[in-house]
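Undergrad: What follows is a structure written as structure tokens; I'll ask about it next.
The values are calculated or read from the model by the stated rules, or taken from the named source; none is laboratory data. Predicted model only: the values in this text are computed from it and were never measured. Please note: Cβ atoms are built from the backbone with ideal geometry, for glycine as well, and neighbour counts cover all protein chains shown.
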Amino acid sequence: EGEEGEEGEEGEEGEEGEEGVADFPEYPGPAGLKQLIAEVKELCVEEDVPRVEDEIRGKEPEEQWRILCEVKEYLENPEEEQDHLDEEEQRALDEWKPSLKELQNEWMGLMKRVPEEEAAEVNPDFEAASPEDKKKMVWDVRKFLDEEQEQEQDHLD
């Protein structure tokens, strides 16, 4: 992590060495994009289709392709993205009833514990989320950061 000087290495495919860009198939043209849009709409729950459409509206076809590939991968592999809560943890989450203000305050505190660029990436998602989704995001980020902190502590001991 954090190694510099990797940019010019084998950038033959037009990649600009962007960090965090997953390896998706190359943009196949309008017909392929149209097919991918149909596949993603098929995978989505009905109420999420407008959100996906809003996300790609007005973007270049290559950018639409990248976004849709990410959405499709997420929808096909949800267990990789979402920790399934065990019953006890789900019960604790259900019983936790923070106010919106409490959620926002806790979120701001959590964001101080993550790298600035990661915070900048997830803050718009948090702002746009429903109160229930904000609660889940705070819960998940807190859990992740606490586990990460425990691992670092175990490593030091």
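Undergrad: Determine which member of the set Glu121, Glu47, Glu117, Glu79 is part of a helix (DSSP H, G or I), under 27 Å from Leu145 (Cα atoms) and at pLDDT below 90.
TA: Step by step, each of Glu121, Glu47, Glu117, Glu79 is checked, and only Glu79 is part of a helix (DSSP H, G or I), under 27 Å from Leu145 (Cα atoms) and at pLDDT below 90.
Undergrad: Within the bounds of the stretch 93-106, is there any residue that is of a type in the set (Asp, Glu) and modelled with pLDDT under 90?
TA: Yes: the stretch 93-106 contains one or more residues that are of a type in the set (Asp, Glu) and modelled with pLDDT under 90.
Undergrad: Identify all residues within the stretch 29-56 that are more than 21 Å from Ser130 (Cβ to Cβ) and either of a type in the set (Lys, Arg) or in contact with a Phe, Trp or Tyr (Cβ under 8 Å, 6 or more places away or on another chain) (or both); write none if there are none.
TA: Gly32, Leu33, Lys34, Leu36, Lys41
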